[in-house]
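Nothing in this text is a laboratory measurement; each read-out follows from the coordinates by a stated rule. These numbers come from a predicted model, not from an experiment.
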Amino acid sequence: FIDIVNFQHSAGAWNFFLMPLGFGLFIITMIAEVERIPFDMPEAEAELVEGWWTEYGGMRWGLLFAAEYMRVWAACILCTVFFLGGWSAPFAGLMGNLGVVGVVWNDLIPGVVWTILKSLFIFLIFVWARASLPRVRTDQILEFGWRYLLPLSVVQLAITVALRLWFYDPAGLGSGSAWDGGSGFFWLVPLVVFAISMAIFVVYSIDEDKDPPSRPYHVHTVEPAGTHVAGSGHGGQRVGKTGMR
């Protein structure tokens, strides 16, 4: 964890700007890992019988509820360390040129305060997802994971390898210019990657097809009870409400 935070601070850019796709994938998987809505399969908070939590009440239920939010907060801290620079102050290099303001920003505010503030921002994403998104079925989760999350993870891995091989400058690691792409502008590569990622996200977020998507599997038609004639097979006679046909 320390090496990850120090690398982001020394390189001059958070991993969030270099890997926005990875950030989104990590948030989605963490929501599923801590079993929050819309991936609350074991607990089923939206159901009348709230999963295995229905066996508990009073203080025991309160402890389980508190443990769930502790898991959420731990996921937020992990996301802060991996993508948001951990305990380092945001824009430390730019704020350091502002005299007294830079001293207060970089030196007087403890790192634990920055960690809590960044984690709180991630926590708000968890709260927004819980309040806005409906619960999904198990087959929808599996389809979403195999069809989208896994291929996008491979794409993110390829992008990370390309950035590391062709755009990373180890000589600028200490001065915060490791991602300048040889241009002298510290944030060139992060800004370009982030802008392209956001443009692709906006384009694919515009749903021009207003028709609801079909189910990912074929639904077999089942004959209503009492309408099948023995020995006739699927193509035989049926008894409807109006008689034999």
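Across the range 164-169, coupling constants 3J(HN,Hα) worked out from phi with the 6.51/-1.76/1.60 Karplus curve, θ = phi - 60°, read 5, 7, 10, 10, 8, 10 Hz, and Gly and Pro carry x. The 3J(HN,Hα) values that the Karplus relation (6.51, -1.76, 1.60; θ = phi - 60°) gives for the range 135-151 are, in residue order, 6, 10, 7, 5, 5, 5, 5, 5, 5, 5, x, 6, 8, 10, 5, 5, x Hz. Gly and Pro appear as x. Taking 0.36 nm per residue of separation and subtracting the Cα-Cα distance, full extension of the segment from I109 to F201 would add 29.6 nm.
Derived scalar couplings between HN and Hα for the range 23-28 equal 4, x, 5, 5, 4, 4 Hz in order, rounded to whole Hz, by the Karplus curve 6.51 cos²θ - 1.76 cosθ + 1.60 (θ = phi - 60°), x for Gly and Pro. Between amide H atoms placed 1.01 Å from N, distances below 5 Å from G86 occur with V81, all of them 5 or more places distant or on a separate chain. Pair-distance distribution P(r) for the range 81-200, from all Cα-Cα distances in 5 Å bins starting at 0: 2, 9, 11, 15, 18, 17, 13, 8, 5, 3, 1, 0 percent.
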